[in-house]
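Take a look at the structure below.
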2 protein chains.
Amino acid sequence: METYPCKGFRAAGVAAGLKKNGHKDLGLIASTTPAVAAGVFTQNRVQAAPVMLDRERIRSGLCQAVVANSGNANCCTGEAGMQAARETARLAASALGISEDLVLVASTGVIGQPLPVDKIGGVMPSLAASLQPDGFKTFAEAIMTTDTVPKLISREGMLAGKPFTIVGAAKGAGMIAPNMATLLCFVCTDIGATADQLHACLSESVQQSFNRITVDGDTSTNDTALILASGLSGAVIRGADDQAVFQKVLSGVLIDLAKLLVKDGEGATKLVEVCVKGAASEGDARKIADTVANSNLVKTAIFGEDANWGRILAAAGRSGVALDPNRTDIFFNDVLMFSEGSGRGAAAEDEVSRILKRPEFVITVDIHDGDCRSSVWTCDFSVDYVRINADYRS
Amino acid sequence: METYPCKGFRAAGVAAGLKKNGHKDLGLIASTTPAVAAGVFTQNRVQAAPVMLDRERIRSGLCQAVVANSGNANCCTGEAGMQAARETARLAASALGISEDLVLVASTGVIGQPLPVDKIGGVMPSLAASLQPDGFKTFAEAIMTTDTVPKLISREGMLAGKPFTIVGAAKGAGMIAPNMATLLCFVCTDIGATADQLHACLSESVQQSFNRITVDGDTSTNDTALILASGLSGAVIRGADDQAVFQKVLSGVLIDLAKLLVKDGEGATKLVEVCVKGAASEGDARKIADTVANSNLVKTAIFGEDANWGRILAAAGRSGVALDPNRTDIFFNDVLMFSEGSGRGAAAEDEVSRILKRPEFVITVDIHDGDCRSSVWTCDFSVDYVRINADYRS
């Protein structure tokens with residue numbers, strides 16, 4: 001998991017003792033100079049302390065360091081939680097010798113337990129000392145909760161003959177629904193851009209990636225996506241065309257991260273794209289795709305490798321969109337499984353059974369009511385999802 | 001599971017071979033005379049053939065027999081499915097010597113497979129011959145799918161000095177969401193009433209019962225609730241006061257049946273009432289209650305007997321209702337677990353841990369924003385739910 005060098009940034013991760021199992025749980029990203037920055041955050045009405053702090057600080061459009069911890073969400077922790085978030089930022093600022101207003105924080109883990117800031121303070125000097133240009137992998141490890149693998153993607157782009165780099169790290173696994181469904185995502189780039197340009201690009205890329213995935217239909221209180229731009233590559237976004245070039249590379253990074261999140265969804269064994277087409281509007285297509293992708297009955301059938309298209313149609317039917325089952329087609333990859341109001345029989349079922357054994361496939365629902373489409377990536381729903389979430393806090 | 005005698009009705013159930021395991025799978029209810037009848041049906045856009053047939057026939061306001069099968073939903077079966085539904089009704093009418101227009105049908109089970117009408121025809125004469133006034137228990141057994149126990153409730157009421165009886169049988173287990181979430185429910189009463197009165201009472205009682213429960217958030221294509229009134233008790237609904245008396249007894253029957261459905265939800269080990277109060281409108285209260293009651297993360301935590309109130313608050317926060325977490329209280333039974341933005345600490349957690357070990361308890365969310373409230377009954381989400389639904393068709 002090598003990353004392309006991203007000029008101006010260093011990262012690191014350590015074990016601060018926030019996780020009971022002794023794994024890495026505190027990550028730090030630092031920029032040589034104050035980077036231009038933008039962020040998008042959870043739409044949940046209940047917002048963790050670090051989200052409230054970041055929303056406030058990101059207004060400056062600048063950020064020089066990000067501290068992120070796992071093992072504790074610092075959410076529903078009252079005024080003490082806000083103080084803990086501020087103190088975490090202050091500790092990082094002190095270790096790095098920068099202004100504390102330029103430090104953003106993020107937390108993920110159990111809700112409602114006090115963040116032990118003393119533990120964070122204890123390791124902060126050594127964490128800052130261990131920052132490395134190629135330290136993003138250890139950073140990505142430090143933000144894992146029930147993730148089984150760190151998620152890190154880097155890409156190079158070219159703008160007016162000048163190369164630039166994007167590095168993105170994310171964590172996911174549970175509480176992931178298509179409603180600003182990041183959990184945590186941190187992107188560094190050495191392109192030059194304004195905070196407004198970064199915000200526009202980040203928002204659009206989040207729409208195309210994290211807002212198109214679902215694991216369990218729950219939206220976290222801590223969802224945070226941040227982007228920092230150092231400008232040190234020499235490539236600079238000067239107008240709409242440049243922005244489109246950057247946008248495309250950024251979306252590629254976030255879509256890859258989003259797919260990694262679904263693949264590594266809690267207990268997930270399969271990555272499934274639910275594609276709805278032939279809808280009268282993109283909104284209609286999205287509603288159906290979301291309902292199918294979040295249906296527990298569809299997701300358990302996928303886990304069981306059962307070609308139970310009836311559940312897909314039933315989920316589509318309760319989405320609120322007026323669809324005619326007699327004009328609806330359901331495909332697994334290229335195999336037509338349902339059309340003209342009936343299943344396509346044993347031969348199709350056999351073909352689909354083989355497709356369902358694969359780790360990745362596409363379910364397409366065509367309602368023949370228009371030209372609009374929408375896709376959502378989802379995973380199956382396994383016995384292990386329940387096991388993981390039944391005793392998450394113990 | 002004795003039922004009060006309900007004048008004019010007989011019922012029975014047999015094994016017709018629709019279920020692979022040889023259990024009872026075909027039930028019949030017959031009335032001595034054409035009964036006054038009303039029904040409410042699934043709001044899913046995809047509707048099974050028996051639902052389409054019943055919607056048409058119930059317009060007459062009369063019904064003399066109901067045939068219900070398990071093991072096959074007769075849904076997404078095209079024109080052949082409609083023919084199979086009509087043929088099932090014809091077979092019952094022939095065996096009973098009544099008009100086929102007065103026979104309603106209902107099916108539950110796997111979607112998309114042809115209903116083997118020949119098997120139904122083979123046992124119909126012996127099924128009709130086995131009808132008994134106390135045959136509702138065998139009827140209730142015949143409509144079970146993944147239910148582990150038959151659901152049957154009967155109550156007596158008194159109107160102007162005259163007693164009347166209501167007997168209700170239902171099946172549930174999965175695909176149960178608070179949106180006309182019956183699956184199948186059949187109610188017989190010997191009160192005298194018009195079809196309009198019956199429809200008004202049934203609709204209101206369904207609102208108070210089946211529309212207040214959730215197992216997995218999925219809405220079936222086959223949901224059907226029917227009520228038949230023979231009028232043979234001598235008690236007759238003559239005005240609004242009488243209707244209110246009947247309504248109350250009917251709601252009692254359906255609420256008891258609804259709770260039995262949730263208790264026996266697929267893989268369920270606990271029956272939990274989610275009560276939201278202090279909302280600005282009943283709609284707001286309902287939205288929050290539904291979101292909490294359907295959250296996989298809340299339901300798996302309940303299965304794990306984990307007092308993870310953070311997930312309850314997070315679910316409330318994404319319900320779309322503007323709530324202030326700092327003014328929100330969360331109780332488990334009478335124990336306050338969260339208030340003023342923070343958890344109430346270890347002592348409360350210990351008390352709640354004991355409550356979570358019980359088979360039934362109440363989660364109350366008070367958002368202190370008004371005087372409205374709403375309750376939903378839900379169950380926990382267990383490893384067995386996934387097991388049951390992963391290989392439902394095999």
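Just so you know, all these numbers are worked out from the coordinates, no wet-lab data involved. For clarity, every value in this text was computed on a predicted model and none was experimentally measured. Methodologically, a virtual Cβ is constructed for each residue, glycine included, from the backbone with ideal geometry; neighbour enumeration extends over all protein chains shown.
Placing pseudo-labels 7 Å out from each Cα toward the beta carbon at A:Asp384 and A:Leu336 gives an inter-label distance of 3.7 nm. Between B:Thr33 and B:Ala244, the modelled label-to-label distance comes to 3.0 nm, taking each label 7 Å out from Cα in the direction of the beta carbon.
Ordering A:Leu336, B:Leu356, A:Leu261, B:Leu226 by the number of other Cβ atoms within 10 Å of each residue's own Cβ, fewest first, gives A:Leu336, B:Leu356, B:Leu226, A:Leu261. Start at zero, step by 20 Å, and the Cα-Cα distances of chain B spread as 29, 52, 18, 1 percent across the bins. Exceedance of the 32 Å cut-off in Cα-Cα distance is limited, within the set A:Lys7/A:Lys357; B:Lys20/B:Lys137; A:Lys270/B:Lys137; A:Lys299/B:Lys20; B:Lys20/B:Lys357, to A:Lys7/A:Lys357; A:Lys270/B:Lys137; B:Lys20/B:Lys357. Once the Cβ-Cβ distance of B:Asp371 and A:Glu282 is raised to the sixth power relative to R0 = 30 Å, the FRET efficiency obtained is 0.15. Stretching the chain fully between B:Ser94 and B:Thr194 yields a gain of 33.3 nm (0.36 nm per residue, less the alpha carbon separation). Across the copies of the chain, B:Asp196 has label points (7 Å from Cα along Cα→Cβ) spaced 6.4 nm apart, shortest distance listed first. Cα centroid separation, the stretch B:276-308 to the stretch A:303-317: 26 Å. D for the stretch B:333-394, whole µm²/s, Stokes-Einstein with Kirkwood Rh over alpha-carbon pairs at 10 °C and 1.306 mPa s: what number? So the translational diffusion coefficient is about 107 µm²/s. With label points set 7 Å from Cα along Cα→Cβ, the inter-copy distances at B:Glu360 are 5.0 nm, sorted shortest first. Our note on the geometry: Cα centres of the stretch A:155-169 and the stretch A:57-92, 29 Å apart. One way to sum up the overall shape of the protein assembly as shown is the equivalent ellipsoid from its Cα gyration tensor, whose semi-axes run 54, 29, 20 Å, largest first. Counting beta carbons within 10 Å around each of A:Phe381, B:Phe136 and listing the fewest first gives the order B:Phe136, A:Phe381.
Taking one equal scatterer on every alpha-carbon of the stretch A:14-143, how large is log10 of I(q)/I(0) by Debye at q = 0.09, 0.14 1/Å? Log10 I(q)/I(0), no solvent term: -0.22, -0.55.
Over chain A, dividing the summed -39,500 (n - 2.57) contributions of all DSSP H runs of at least 4 residues by the number of residues returns a 222 nm mean residue ellipticity of -10500 deg cm²/dmol. Mean sequence separation of contacting Cα pairs (under 8 Å, at least six apart), scaled by the length of the stretch B:271-390, corresponds to a relative contact order of 46 percent. A point 7 Å from Cα along Cα→Cβ stands in for A:Ala160, and the other copies hold the same point at 9.1 nm, listed in rising order. When you restrict to C-alpha pairs under 8 Å that are six or more residues apart and normalise by the size of the stretch A:69-141, the relative contact order lands at 41 percent.
Can you tell me the length gained on complete extension of the stretch B:Val236 to B:Ala346, counting 0.36 nm per residue apart and subtracting the Cα distance? Present the calculation step by step, with values, prior to reporting the outcome.
Values: separation 110, 0.36 × 110 = 39.60 nm, distance 5.78 nm.
So the chain would gain 33.8 nm between B:Val236 and B:Ala346.
When only Cα pairs below 8 angstrom with a gap of at least 6 residues are kept, chain A shows a relative contact order of 17 percent.
Can you list the GluC sites (Glu not before Pro) in the stretch A:181-284 that are in a DSSP coil and have 11 or fewer other beta carbons within 10 angstrom? Can you show the working numbers first?
On the way: sites: A:Glu204, A:Glu266, A:Glu273, A:Glu282; in loops: A:Glu266.
Filter output for the stretch A:181-284: empty list.
If you run the Gaussian network model on chain A, springs between alpha carbon atoms under 10 Å, then out of A:Asp147, A:Asp134, A:Asp118 the most flexible one is A:Asp118. What the Cβ-Cβ distance of A:Arg327 and B:Gln43 gives, at R0 = 25 Å and to the nearest 0.05, is a FRET efficiency of 0.80.
For peptide B:301-308, the mean count of partner chain Cβ atoms within 10 Å of a residue's Cβ comes to 5. Note: the stretch A:234-368, Cα convex hull, 131 Å³ per residue. When each of A:Phe41, B:Phe361, B:Phe303 is scored by the number of other beta-carbon atoms lying within 10 Å, the sequence from fewest to most is B:Phe361, A:Phe41, B:Phe303.
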